[in-house]
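The values are calculated or read from the model by the stated rules, or taken from the named source; none is laboratory data. Nothing here was measured: the structure is a model prediction, and the numbers come from that model. Don't worry about glycine lacking a Cβ; one is built from the backbone with ideal geometry, like all the others, and counts go over all protein chains shown.
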Amino acid sequence: MAGSKYAYVKNYELPDNLLPGTFMIMRIDGHGFHRFSTEHSFAKPNDERALRLMDCAAQSVMDEYKDIVLAFGESDEYSFLFRKDTKLYNRRQTKLLSLILSLFTSSYIFHWPKFFPDESLNYPPSFDARIVLYPSAKEVRDYFAWRQVDTHINNLYNTAFWALVQQGGESTTRAHALLKGTVSAQKHELLFSRFGINYNGIPARFRKGSVLVRDEVKDARESGGHDFVPDAGTRTDLSEGSPLPDSSLAAGATPVAHQGKKKVKAIKTVRILHEDIVRNEFWDARPELLD
Ligand code: ATP
Ligand code: ATP
Ligand code: MG
Ligand code: MG
Ligand code: MG
Ligand code: MG
Ligand code: MG
């Protein structure tokens, strides 16, 4: 169909398809969350409600975009790994960035009241986002290791810092000064000797961040019936809202297989883990992530 004489302006839109055959990782990060966390009374160093809300927003994204195979979250950020061969929106960068970023943001706001029933949202939060392309499995592994090591470094520092302030009665200035130049072992020692805190005893969610994966479960009963929501269709309904129990984000459940007369459901569930993704075990168990 011939356009109007004005239609030529469309030609000013430039293609922005991302290189094929590369791994796309999209990272979202809260804008000004230092202030946002203060103004919404986040517990320090780790507000669990806020972390679960981030997990929930990330889950919305994975429910909608099946080509995302893995996500990792910490603090106010989330990273999403796409299947290497994804053809989603013809790999158009701005399309992918804008859609996924806005879905994440709207989901964060949408689900806010369920995670913060007693805390009104004082102003609209926003997030930034970028997509980085990586040429091979090595960089993808190193990327996720980088983020999880970052989680560890920040969390150890913050745990020591807030122990000094909240339990030790130190000023924030003095707490910073006390920690300046300390290595990891010294922070462990300080936490233990001065505050009786065994760092390895604090929740894995805080120490390791959140890992979202799609795991196949053959039948609802395999899971013991409680660590995912079976048969939830293509979307997970979190509208009941109470934060999900640990290791239990749920389901884009699709019946796919018949075995004999009995219908066997192969169910893909989005599962939340708080485990090591630096070492080989996690990746060896899921070779399809780096295919
Ligand atoms: P920028 O806009 O550059 O990203 P920022 O203020 O968001 O700036 P970040 O480096 O992203 O800075 O750090 C996020 C900050 O948000 C943390 O330092 C912490 O103060 C706060 N924060 C995020 N999530 C939580 C949480 N679950 N519990 C407590 N504080 C949090
Ligand atoms: P931008 O203004 O583009 O958001 P940024 O400083 O927030 O820049 P990010 O790529 O978002 O950069 O960085 C995310 C994380 O990486 C943060 O925890 C930050 O401390 C860390 N980081 C940033 N630059 C480096 C670097 N050159 N080396 C190591 N860590 C870095
Ligand atoms: Mg950033
Ligand atoms: Mg930044
Ligand atoms: Mg931020
Ligand atoms: Mg951040
Ligand atoms: Mg459009």
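Points worth noting:
- Taken together, the residues in region 125-155 that are polar (S, T, N, Q) and touching a helix residue (DSSP H, G or I) at 6+ places or on another chain (Cβ under 7 Å) amount to 4.
- Qualifying residue in region 1-16 (condition: within 16 Å of ligand 3 (Cβ to nearest atom), among the charged types (D, E, K, R) and touching a residue at least 12 places away in the same chain (Cβ under 8 Å)): no
- Filtered residue count, region 36-58, keeping only those that are within 16 Å of ligand 3 (Cβ to nearest atom) and either in contact with a helix residue (DSSP H, G or I) (Cβ under 8 Å, 6 or more places away or on another chain) or part of a loop (DSSP other than H, G, I, E, B) (or both): 2
- Any chance K66 is at pLDDT 95 or above and not in a helix (DSSP H, G or I): yes
- Taken as a whole, the structure leaves G21 outside the set of residues that are within 16 Å of ligand 4 (Cβ to nearest atom) and outside the structural domain of H152 (by TED's automatic domain parsing).
- For region 264-281, taking the residues that are touching a residue at least 40 places away in the same chain (Cβ under 8 Å) and outside any loop (DSSP other than H, G, I, E, B), the one that is farthest from the chain's Cα centre (by Cα) is identified as V264.
- Odd one out for S41 among (1) more than 18 Å from I272 (Cα to Cα); (2) within 16 Å of ligand 2 (Cβ to nearest atom): (2)
- Scanning region 127-151 for residues that are surrounded by 14 or more Cβ atoms within 10 Å (Cβ to Cβ) and either polar (S, T, N, Q) or within 16 Å of ligand 5 (Cβ to nearest atom) (or both) turns up F127, A129, R147, Q148, D150, T151.
- Test for V61: is it part of a strand (DSSP E or B) and crowded, with 17+ Cβ neighbours inside 10 Å: no
- Single match in F80, F110, F72, F104 (criterion: within 16 Å of ligand 2 (Cβ to nearest atom), assigned by TED's automatic domain parsing to the domain that holds A129 and assigned to a helix (DSSP H, G or I)): F104
- Test: L99 is part of a helix (DSSP H, G or I), free of Cβ contacts under 8 Å to residues at least 12 places away in the same chain and more than 16 Å from the chain's Cα centre (by Cα): yes
- For region 152-164, the condition of being within 16 Å of ligand 3 (Cβ to nearest atom), under 17 Å from the mean Cα position of the chain (by Cα) and assigned by TED's automatic domain parsing to the domain that holds H176 holds for at least one residue.
- Scanning region 126-148 for residues that are within 24 Å of H274 (Cβ to Cβ), in contact with a strand residue (DSSP E or B) (Cβ under 9 Å, 6 or more places away or on another chain) and within 16 Å of ligand 3 (Cβ to nearest atom) gives F127, A129, Y143, R147.
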